[in-house]
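Report on the following structure.
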Amino acid sequence: MTFTHFLLSQSYRADCVGDLARDAVADINRPTKSIRQWRNYLKSVRASIWAFDALEKAWQEYRIAVVLKL
């Protein structure tokens, strides 16, 4: 599972990660692979610091849920 797939699957949540996920679902220009792409994308759209915080939180959760369990 890629990070983007993980993030999109979090759109049901009522927190900052869910907000970011819902924005990602609606954005056809969203990155499709790496955390680096996501960071660069958020920079390019001048996202708020809260969006970056949500991204980092989602990344940590992804690492725990998916990457570290391999």
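The values are calculated or read from the model by the stated rules, or taken from the named source; none is laboratory data. What you see is a predicted model; the values in this text were computed from it and never measured. Neighbour counts run over all protein chains shown; Cβ positions are idealised from the backbone, glycine included. SASA here: full protein model, heavy atoms, side chains in, ligands and nucleic acids out. Shrake-Rupley method; radii C 1.70, N 1.55, O 1.52, S 1.80 Å.
Structure notes:
- In this simple spin-label model, placing a label point 7 Å from the Cα along the Cα-to-Cβ direction at both SER34 and THR2 gives a separation of 1.3 nm.
- With only the Cα atoms considered, the chain has a convex hull volume of 77 Å³ per residue.
- Remark: the chain carries 67 Å² of accessible area per residue (probe radius 1.4 Å; ligands, DNA and RNA excluded).
- The simple spin-label model puts a point 7 Å past each Cα toward its Cβ; for LYS69 and GLU56 those points are separated by 2.5 nm.
- Label-to-label distance, nm, for residues given as ARG13 and VAL25 (7 Å Cα→Cβ offset): 1.4 nm
- Residue-by-residue Karplus 3J(HN,Hα) for the stretch 37-50, coefficients 6.51, -1.76, 1.60, Hz, glycine and proline x: 4, 5, 4, 5, 5, 4, 4, 5, 9, 6, 5, 6, 4, 5
- Cα-centre dipole for the chain with unit charges at Cβ (Lys and Arg positive, Asp and Glu negative), debye to 20: 280 debye
- Spatially proximal aspartates and glutamates relative to LYS57 (Cα-Cα < 13 Å; intrachain offsets below 8 disregarded): ASP15, ASP19
- Each peptide in 12-21, 26-35 was scored by the mean count of other Cβ atoms within 10 Å over its residues; highest first, the order is 12-21, 26-35.
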